[in-house]
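The values are calculated or read from the model by the stated rules, or taken from the named source; none is laboratory data. Computed from a prediction, not measured in an experiment: that's the story for all the values here. All Cβ positions, glycine included, derive from the backbone under ideal geometry; neighbour counts span all protein chains shown. The area values use the complete protein model at the heavy-atom level, side chains included, leaving out ligands, DNA and RNA. Shrake-Rupley method; radii C 1.70, N 1.55, O 1.52, S 1.80 Å.
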Amino acid sequence: MNIILLGAPGAGKGTEASKIVDTYKLPHISTGDIFRENIKNQTPIGVQAKSYIDQGLLVPDEVTCKIVEERISREDCKNGYMLDGFPRTIAQAEALDKSGIDIDCVLTLEVGDEEIVERLSGRLECKICGSSFHKDHRKPKAEGVCDNCGGTLRTREDDKPDVIRARLKTYYEQTAPLKEFYAKKGMLKTVIGKNEIASTSAEVLKVLGV
Ligand code: AMP
């Protein structure tokens with residue numbers, strides 16, 4: 001089972017991807033997480049990616065395709081994987097097509113812009129395990145502390161208001177056209193993201209046929 005999850009920043013891709021990988025026992029491949037890990041470790045890819053991510057821009061296709069190609073060639077991807085945040089451009093989708101990989105399902109999570117800005121500007125992320133919280137709607141049990149691992153919560157650098165606006169612009173210009181790309185191939189399934197995470201997840205699993 002190879003699944004692609006599309007959606008604007010803040011639509012809930014990470015949260016839903018975690019549910020999907022738990023259900024299907026698939027590796028969760030998030031290009032954003034791979035870049036953040038590289039930034040943390042100050043690798044050459046991390047240094048390069050940071051300059052784009054901090055401006056709300058996409059990391060060049062060449063770099064991104066290479067890291068995905070390397071990741072999906074590993075043993076744990078033999079029986080499928082969940083791609084979260086990749087592809088994000090038509091060129092990336094075409095590169096995936098060319099590599100001969102069969103995608104079983106492309107799911108897009110749809111959430112309105114106002115809701116996205118509200119979600120991202122209140123988002124708190126664990127420095128250690130990456131779990132997501134919200135300062136009003138999904139408060140951690142203890143302020144500033146991750147419920148799952150006890151790590152410190154922080155606001156992501158790219159969740160600052162001017163970067164959020166740039167990320168949304170990037171999404172509409174470069175990523176949203178992928179919906180038509182996959183719809184034309186008869187592969188696109190749409191889920192409307194609700195505030196209640198449980199009902200969005202139930203809908204996602206239903207659409208996937210679980
Ligand atoms: P995310 O955590 O998915 O919101 O990704 C964070 C940032 O990483 C994005 O705003 C982009 O700058 C970069 N990024 C993640 N995935 C991709 C991709 N497929 N192509 C280019 N840049 C990406």
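Quick notes on this structure:
- Surface listing: Lys179, Lys185, Lys13, Lys78 arranged by accessible area from highest to lowest gives Lys78, Lys185, Lys179, Lys13, probe 1.4 Å.
- Accessible surface comparison of Ile128, Ile192, probe 1.4 Å, protein chains only, largest first: the order is Ile128, Ile192.
- Taking Cβ atoms as reference points and 14 Å as the exclusive limit, the residues near Lys206 contribute a net charge of +1, counting Lys and Arg as +1 and Asp and Glu as -1.
- Surface accessible to a 1.4 Å probe, Arg138 within the full protein complex, Å²: 100
- Solvent accessible area, Å² - His137, 1.4 Å probe, full protein context: 120
- Under the criterion of Cα pairs below 8 Å and six or more residues apart, the relative contact order for the chain equals 29 percent.
- Of the accessible area of the chain, computed with a 1.4 Å probe over protein heavy atoms only, carbon and sulfur atoms account for 51 percent.
- If you sort the three axes of the alpha carbon gyration tensor as a ≥ b ≥ c, you get a/c under 1.5 for the chain, which makes it rounded.
- Between the C-alpha center of the stretch 135-193 and that of the stretch 1-33 there is a gap of 11 Å.
- Its Cα gyration tensor gives the stretch 123-187 an equivalent ellipsoid; the semi-axes, largest first and in whole Å, are 32, 15, 9.
- The ellipsoid that matches the Cα gyration tensor of the stretch 71-189 has semi-axes, each √(5λ) in whole angstrom, of 30, 20, 12, with the longest given first.
- Neighbourhood charge, 12 Å Cβ-Cβ cut-off, centred on Lys169 and excluding it, Lys, Arg +1 and Asp, Glu -1: -1
- Between Val106 and Ile4, Lys189, the built amide H atoms are under 5 Å apart, and every one of these is 5 or more places off in sequence or on another chain.
- Sparse-neighbourhood loop sites, GluC sites (Glu not before Pro) in the stretch 110-181 - DSSP loop, at most 11 other Cβ within 10 angstrom: Glu143
- In the context of the full set of protein chains, the stretch 1-100 has a per residue accessible area of 48 Å² (1.4 Å probe).
- About its Cα centre, the stretch 72-210 has a charge dipole of approximately 120 debye under the convention of +1 per Lys or Arg Cβ and -1 per Asp or Glu Cβ, with nothing else charged.
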